[in-house]
Amino acid sequence: MMRMRSLTFTAMVWLGACGAVQAAEPIKIGAVLPFSGGVELYGAQAKLGLDLAAADINAAGGILGRPVEIVYRDDGTRPNIATEAARKIVEDDGVLAVVGPITSQNLDAIVPVLAAHKTPLFYATNYEGGKCNRYMFSFSTVPNQELDSLLPYMTKTFGADYFLLGADRDWPHRMFDAAEPLIAKLGGKVVAKQYTLGNEKDFTPLINRVADSQAKVLLYALKGDGMQFIPLASDRGVFKTMTVAFLGLTEADLKAFGGKVDNIYAAVPFVVASQDPKAKAFVARARAMAGPAMAISNYVETHYNTLVAVKAALEKAGKVDKEALIDALEGLKFDSPAGTVTMGKDHHATLNMFLARTQGANLVEVQALGEIAPQSGCTPGALAR
């Protein structure tokens, strides 16, 4: 009888605590993401990560006794829409911080908006680096975190002659700018480089040029419509003598390959097929929330981490406040499904990285690379109040 009373009391305390969290004013986190306009595949991945993080946090009692609420606005994959969405999500929705967007163009558009509103922006997509102000935080990779391990492996394993193929946008240009001196340092050679406009209907001339180059490694930074190049080039037999090093690859991209292009290599911050127990538990929760039709990618994990960091930073600060959140984030270490993440004083994250390759419909881990610090391109003065 005494034990039953004790259990009943414990249950009442737990239920009361949950009720208090639900009754408390929510902490609103904004998300400006593409749900239309062409890259909504990645917007859905980011949303899944945020929804899962909010569910996990709220189930554990919230943050400082308050639940987390995510407010979403569509950026339309267009800078002008993103700018207006960022302004409204701060002014009208009253959010503490904003997560997003996906594309570099939209990032360029909303960074000054959030800085002007003195609202933290959490960017969880791989990017070219160099976005430096007090209100900007990067939770995914910058060029060196992908290239510094991927290129030595590719050169040693497959050969030193490279063909660089990317979209004519800022991110591929910056990635290749970083890659070329590293290839030269490794004793390699760039035999050809080409940027596409993204509106190609016939990839035959491009496939012919890549094949004729006799390069051993195709360094690839062409997503979106360009994803079709990979299976078409494979059908032509290009990858019998050439291996792809794919920049920014996620598991969500693999459907475009039809499961028939194995041994495409990438350096990534999370591998969904990892056998690590913590990673497996995270993926299982994500699959349960998403349903069987939706792919799970490393974008889910990096966006999940933004809210994990918010919780850790606010609890460190002891209050819900934008400037206190920023101060607490600098130098913060927190656990993620991929291991420890350290947010540097430069507002960019040291990440556990993994070399992975495609195998059917999956990315599988080839090698754990350990923690890799970012070369953000930021100077301390750029991050001052």
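With respect to the conditions (1) among the acidic types (Asp, Glu); (2) under 30 Å from PHE239 (Cα atoms); (3) modelled with pLDDT of 95 or more, ASP108 falls short on a single one, namely (2). Of all residues in the range 71-125, those that are buried (at least 18 other Cβ atoms within 10 Å of the Cβ), among the hydrophobic types (A, V, I, L, M, F, W, C) and outside any helix (DSSP H, G or I) total 9. If the condition is being closer than 16 Å to GLY159 by Cβ and either over 29 Å from the mean Cα position of the chain (by Cα) or assigned to a helix (DSSP H, G or I) (or both), then the range 213-224 contributes SER213, GLN214, ALA215. Suppose the filter is within 15 Å of the chain's Cα centre (by Cα) and hydroxyl-bearing (Ser, Thr, Tyr); does SER336 pass it? Yes; evaluated as a whole, the condition is true for this residue. Among the residues of the range 155-170, is any at pLDDT below 95, within 29 Å of GLY339 (Cβ to Cβ) and part of a helix (DSSP H, G or I)? Among the residues of the range 155-170, not one is at pLDDT below 95, within 29 Å of GLY339 (Cβ to Cβ) and part of a helix (DSSP H, G or I), which makes the answer no.
Does at least one position in the range 141-152 carry a residue that is at pLDDT 95 or above and not in a helix (DSSP H, G or I)?
Yes: the range 141-152 contains one or more residues that are at pLDDT 95 or above and not in a helix (DSSP H, G or I).
Give the residues of the range 192-245 that are of a type in the set (Val, Ile, Thr) and surrounded by 15 or more Cβ atoms within 10 Å (Cβ to Cβ), sorted by residue number. Within the range 192-245, THR196, ILE207, VAL210, VAL217, ILE230, VAL238, THR243, VAL244 qualify.
Of the candidates VAL308, VAL341, the single residue that is surrounded by 21 or more Cβ atoms within 10 Å (Cβ to Cβ) and either on the phi < 0 side of the Ramachandran plot or in a loop (DSSP other than H, G, I, E, B) (or both) is VAL341.
Evaluated against (1) of a type outside the set (Val, Ile, Thr); (2) assigned to a loop (DSSP other than H, G, I, E, B); (3) more than 29 Å from PHE176 (Cα to Cα), GLU128 falls short on exactly one condition, (3).
Quick check: anything in the range 264-273 in a helix (DSSP H, G or I) and out of contact with any Leu (no Cβ under 6 Å at 6 or more places or on another chain)? No, the conditions are met nowhere in the range 264-273.
If we scan the range 200-218, do we find a residue that is without any contact (Cβ under 8 Å) to a residue 40 or more places away in the chain and at positive phi? Taking every residue of the range 200-218 in turn, none turns out to be without any contact (Cβ under 8 Å) to a residue 40 or more places away in the chain and at positive phi.
Close Cβ contacts (under 6 Å, 6 or more residues apart or on different chains) running from residues in the range 291-304 that are in a loop (DSSP other than H, G, I, E, B) to residues that are among the aliphatic types (A, V, I, L, M) comprise ALA295/ALA252; ILE296/VAL272; ILE296/VAL283; ILE296/ALA286; SER297/ALA252.
When PHE122 is tested against (1) assigned by TED's automatic domain parsing to the domain that holds VAL99; (2) without any contact (Cβ under 8 Å) to a residue 60 or more places away in the chain; (3) within 28 Å of ALA368 (Cβ to Cβ); (4) touching a strand residue (DSSP E or B) at 6+ places or on another chain (Cβ under 6 Å), only condition (2) is not met. Identify the residue in the range 222-235 that is within 14 Å of ASP202 (Cα to Cα) and not aromatic (Phe, Trp, Tyr) and, among all such residues, is modelled with the lowest pLDDT. My answer is ASP225.
When the residues of the range 311-326 are filtered to those that are over 25 Å from PHE282 (Cα atoms) and out of contact with any Phe, Trp or Tyr (no Cβ under 9 Å at 6 or more places or on another chain), the one that is surrounded by the most Cβ atoms within 10 Å (Cβ to Cβ) is LEU325.
The values are calculated or read from the model by the stated rules, or taken from the named source; none is laboratory data. Predicted model only: the values in this text are computed from it and were never measured. Virtual Cβ from ideal backbone geometry, glycine too; neighbours counted across all protein chains shown.
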